[in-house]
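K.L.:
Quick one: structure below, then a few questions.
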Amino acid sequence: MRAAFVTVLLLLAATAEAAALPDFADVKAQHARSDALLLDRHGQVIHELRVDASVRRLEWVALDEVSPALVDAVLQAEDRRFHQHGGVDWRALTAAALRALWSDHPRGASTLSMQLAAWLDPALKPARVRRTFAQKWDQIQAARRLEAHWSKAQILEAYLNLVYFRGELQGIAAASRGLFDKQPSGLDRNEALLLAALLRAPNAAVETVAARACRLGENLAWPVACDAVGALAVTQLNGPPRVRPVMADAPHVARALLKPGDTGASSTLDGGLQRYATAALLHQLRSLGDARVKDGAVLVADIASGEVLAYVGNGGGSYVDGVQALRQAGSTLKPFLYAMAIERRLLTAASVLDDAPVNLTTPTGLYVPRNYDNEFRGPTSLRMSLGSSLNVPAVRTLMLVGADPFVLKLRELGFSALTESGDFYGFSLALGSGEVSLWQLVNAFRTLANGGKHSELTLTRQQGDPSRRVFSRDASFIIADVLADRAARSLTFGLDNVLSTPYWSAVKTGTSKDMRDNWCIGFSDRYVVGAWVGNFDGSAMQNVSGVTGAAPLWLDVMNTLHQGRPSRRPSPPTGVIATQTQFIPAVESPRREWFLRGTEAAEIRLPTRSDGQRARIVYPADGTLLALDPDIPPANQRVFFEIAGPQGEYLLRLDQNALTQPETGWQPQPGRHRLVLLDAQGAVMDEAEFEVRGARGSRR
């Protein structure tokens, strides 16, 4: 011990120069947050995301933004003569040297300047648990050098921003936010005492920290209630500290754009719209709680640039990104199918498709598509079939276009998960059996809004227009016009529904099999908005339709975008022509219809049956197997028998019983049945045997 004391005295007499230290401005400039900041398109912080797992460090805090109580407590705990010495407290150092004679664990008497100098110069860090006397002397010289170039305020400010308080918390910003969830300027005396008490032993036991904080308060002559300090220590210091982000409005975009080592990034998001879309989603999910709907997502993009303006991956209860998750598309793919048929001049918007029962043979058995409401409308134009989202006409159109060409077109639109052949998906692809994401759907509808030109959506500002044409401008215009037609939706949705906006908009809904997903995608003249509701775990919703699930959310966001701003109907391209068209027979009212030039027709005549053709049973075909669905009300599962052939009087007999009103449908009963078609004279013209399976009234 005596040798150690002599060594200290010799060191005090030395005059060696301290090593060069960085300037205050450089230290402040090099201060890096462990959280990177995501900025919106206006330069405002929209999300804070941690990108450095080794430390918890927030923004640099100016000295005048720190609570005076904390400054007083820190100086009392670590360097009471800070404002009187020139970097070294010789009185404290001498006292420490004397105590070293009698203690195996003496305090080092390091001033704030000495501690800061050691942090700034890696060479001053001790190679062992404690510094050698030579290292201590180097630290003293560095502190004196620091005091010669830095002001006291700069030293104290840097110290408070670089010191570790507890665990991984470095700097006063992280400590005040992580332990007390407040800014450094708002720290009260009890909180200041606890933080100052942590400096000597950041990870000490809570009771030890509380006791030292109490003594600090007494030394400062503050009216401190030690019980209150102890209670605060127990509630705030137990467990790992958690820094809550001030801004956390775009978690999925932040994780996509911010990487380790980043300090920040700019995005195309609009902060106000992002927050509104999030609130709108939460509101809609609350309203759908009784319908067993827990999750949802919203995506908004600018049509012209493809810049994403709002990206809400879920309602906050999960890390799952509902914008990128793959789900069954439902009826949202129908516009692209009809666009292909129109562009190839296979159909026009006035072409009549038969919405009637159809049996399609597939490798796995019969495929019998039905509409959402289990009703059939008979001869229906393409406009009405798409607008009212009828299923059988869509399947008939897929048979016309071809499944393989349709899959290839969908891949051109960005549906990259559709990797199989058309035969793999079969006829159900027309009804959305393939898996897509909200991101892909929004961009595909944006392609229609852009006149058939496709480019990628983007979360960052980009130069240039790497677009490519997927559909003609003419076909895109006609499909958009159909999707904007309120009358075309009326068969299924009625004239008054949430899809009808007071400004021009084109929109399509979709519901996947077993009611697992509900979509609403639509666009105005400037924006495209997509909404999805459902459950990330794949469970089914209950009684959610195309206009009660995602559609109100879509409307809410779209109305916000168009507050005080009209949406103008697009101008028709030169390749289309409007023609007054009538239907013979009058299956639909006469109207002004859009056609590709060269396909226009003033009259749409339905084909008549040939008198020489023999009448036959079209549905159910011989050998058909019908399964009763226990989740569908019995009244909605009526079977409508279809007869094809020349017009005339026919009789139907089912199991030896005459069907007097076949147009009202037959209530199916489990078992094997025989349907017989008779002419007016009672002669058998055709017959079919079929089977109905499933117990009436059973529920799953």
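Computed from the coordinates by the stated procedures, all read-outs in this text should not be read as laboratory data. Just so you know, these numbers come straight off a predicted model, no measurement behind them. Cβ: placed from backbone, ideal geometry, glycine included. Neighbour counts: every protein chain shown.
K.L.:
Find which of V401, A143, N518 sits farthest along the positive direction of the dipole of the chain, computed with +1 on the beta-carbon of Lys and Arg, -1 on that of Asp and Glu, about the Cα centre.
P.N.:
Of the candidates, A143 comes out farthest on the positive side.
K.L.:
Please report, in debye to the nearest 20, how large the charge dipole of the chain is about its Cα centre when each Lys and Arg carries +1 at its beta carbon and each Asp and Glu carries -1 there. Display every interim value, and only then the final one.
P.N.:
Details: 75 positive and 72 negative charges, 312 e Å.
About 1500 debye.
K.L.:
Show me 320-333, 200-213, 180-193 ranked by packing, highest mean number of other Cβ atoms within 10 Å first.
P.N.:
The packing order, highest mean first, is 320-333, 180-193, 200-213.
K.L.:
Under 19 Å from a point 7 Å along the Cα-to-Cβ line of T458: which residues of the stretch 266-288 have their amide N that close?
P.N.:
Backbone N within reach: 266-271.
K.L.:
Between Q661 and R592, what is the label-point separation in nm under the 7 Å Cα-to-beta-carbon projection?
P.N.:
Distance between the two pseudo-spin positions: 4.2 nm.
K.L.:
Work out from phi, with θ = phi - 60° and the Karplus expression 6.51 cos²θ - 1.76 cosθ + 1.60, the ³J(HN,Hα) of each residue of the stretch 491-508, listed in order in whole Hz, and give x for Gly and Pro.
P.N.:
Here the 3J(HN,Hα) series is 4, 9, 9, x, 7, 10, 8, 6, 7, 8, 9, x, 10, 5, 7, 10, 8, 9 Hz.
K.L.:
May I pose another question? Between 0 and 90 degrees, rounded to the nearest ten: what's the tilt of helix 334-343 against the longest Cα principal axis of the chain?
P.N.:
60 degrees
K.L.:
Which listed residue (V533, I479, L195) has the Cα farthest towards the positive end of the charge dipole for the chain, taking +1 on Lys and Arg C-beta and -1 on Asp and Glu C-beta about the Cα centre?
P.N.:
L195
K.L.:
What list of whole percents do you get for P(r) of the stretch 616-693, with Cα-Cα distances grouped in 5 Å bins up to the one holding the largest distance?
P.N.:
All Cα pairs, binned at 5 Å, distribute as 3, 15, 27, 26, 16, 8, 4, 1, 0 percent.
K.L.:
Starting from the Cα gyration tensor of the stretch 460-610, take the square roots of the eigenvalues, sort them a ≥ b ≥ c, and report rounded, prolate or oblate (rounded when a/c is under 1.5, otherwise prolate if a/b is larger than b/c, else oblate).
P.N.:
oblate
K.L.:
When the helix-only estimate is applied to the chain (DSSP H runs of n ≥ 4, each -39,500 (n - 2.57), divided by the residue count), what is the mean residue ellipticity at 222 nm, nearest 500 deg cm²/dmol?
P.N.:
Computed ellipticity for the chain at 222 nm equals -9500 deg cm²/dmol.
K.L.:
Near the amide H of M247, under 5 Å away, which other amide H atoms are found, from residues 5 or more places off or on another chain, if H is placed in the peptide plane?
P.N.:
Placed amide hydrogens put E48 under 5 Å from M247.
K.L.:
Continuing with this model, one more query. Mind checking which aspartates and glutamates have their C-alpha under 17 Å from K152, skipping anything on the same chain fewer than 8 residues away?
P.N.:
Straight-line reach from K152, under 17 Å: D23, D26, D64, E65, D72, E78, D79, D89.
K.L.:
Can you tell me the 0 to 90 degree angle between the C-alpha axis of helix 403-412 and the longest principal axis of the chain, rounded to 10?
P.N.:
30 degrees
K.L.:
Nothing charged except the Cβ atoms of Lys and Arg (+1) and of Asp and Glu (-1): what's the magnitude of the dipole of the stretch 196-244 about its Cα centre? Round to the nearest 20 debye.
P.N.:
In debye, rounded to 20, the stretch 196-244 gives about 240.
K.L.:
Which order do the peptides 275-281, 261-267 take when ranked by the mean count of other beta-carbon atoms within 10 Å per residue, highest first?
P.N.:
275-281, 261-267
K.L.:
Mind listing the phi-derived Karplus ³J(HN,Hα) values for the stretch 308-320, rounded to whole Hz, using 6.51, -1.76 and 1.60 with θ = phi - 60°, and x for any glycine or proline?
P.N.:
7, 9, 8, 9, 10, x, 6, x, x, x, 7, 8, 4
K.L.:
Can you classify the stretch 414-522 as rounded, prolate or oblate using the Cα gyration tensor, where a ≥ b ≥ c are the square roots of its eigenvalues, rounded means a/c under 1.5, and otherwise it's prolate if a/b beats b/c and oblate if not?
P.N.:
Because a/c hits 1.5 or more and a/b fails to exceed b/c, the stretch 414-522 counts as oblate.
K.L.:
Here is a follow-up. What number in nm² do you get for the chain if you take the convex hull of its Cα atoms and divide its surface by four?
P.N.:
Hull-based average projected area comes out at 42.0 nm².
K.L.:
Can I ask one more? Unpartnered cysteines of the chain (Cβ-Cβ under 4.7 Å counts as a partner)?
P.N.:
C520, each lacking another Cys Cβ under 4.7 Å.
K.L.:
Have a look at the DSSP beta bridges in the chain and tell me what percent are antiparallel, nearest 5.
P.N.:
In the chain, approximately 85 percent of DSSP beta bridges are antiparallel ones.
K.L.:
Angle, helix 90-99 long axis vs. longest principal axis of the chain, Cα atoms, 0 to 90°, nearest 10?
P.N.:
Between helix and principal axis, roughly 80 degrees.
K.L.:
On to the next question. Show the residues, 5+ positions off or on another chain, whose built amide H is closer than 5 Å to the amide H of A621.
P.N.:
Placed amide hydrogens put nothing under 5 Å from A621.
K.L.:
Could you sort 141-152, 412-423 so that the peptide with the highest average Cβ count within 10 Å comes first and the rest follow in order?
P.N.:
141-152, 412-423
K.L.:
When only Cα pairs under 8 Å and 6 or more residues apart are kept, what is the percent relative contact order across the stretch 181-339?
P.N.:
15 percent
K.L.:
Please turn the phi angles of the stretch 32-45 into ³J(HN,Hα) values with the Karplus equation 6.51 cos²θ - 1.76 cosθ + 1.60 (θ = phi - 60°), one per residue in order, whole Hz, x for glycine and proline.
P.N.:
10, 5, 7, 9, 8, 9, 9, 9, 7, 5, 9, x, 8, 5
K.L.:
For the stretch 255-337, max minus min Cα coordinate along each principal axis, in Å, sorted largest first?
P.N.:
43, 34, 24
K.L.:
Right, here's the next one. Could you tell me the relative contact order of the stretch 616-693? Use alpha-carbon pairs under 8 Å, at least six residues apart, and round to a whole percent. Don't skip to the answer; put the middle values down first.
P.N.:
Numbers: 143 pairs, mean separation 32.1, N = 78.
Relative CO of the stretch 616-693 lands at 41 percent.
K.L.:
Here's another thing I want to ask about it. Grab every C-alpha pair in the stretch 279-594, bin the distances at 10 angstrom width from 0 up to the longest one, and report whole percents.
P.N.:
Each 10 Å bin holds this share of Cα pairs: 6, 28, 38, 23, 5, 0.
K.L.:
Taking H as built 1.01 Å from N, whose amide H comes closer than 5 Å to the amide H of M685, not counting residues under 5 places away?
P.N.:
Here L677, L678, D679 satisfy the definition.
K.L.:
Shifting gears a bit: Just add up the charged neighbours of F82: K/R +1, D/E -1, any other residue whose Cβ is under 15 Å from the Cβ of F82.
P.N.:
Local net charge: -1.
K.L.:
Report the relative contact order of the chain, percent, no decimals, based on alpha-carbon pairs under 8 angstrom and at least 6 residues apart.
P.N.:
Details: 1353 pairs, mean separation 72.3, N = 700.
Taking the mean separation of contacting Cα pairs over the length of the chain, I get 10 percent.
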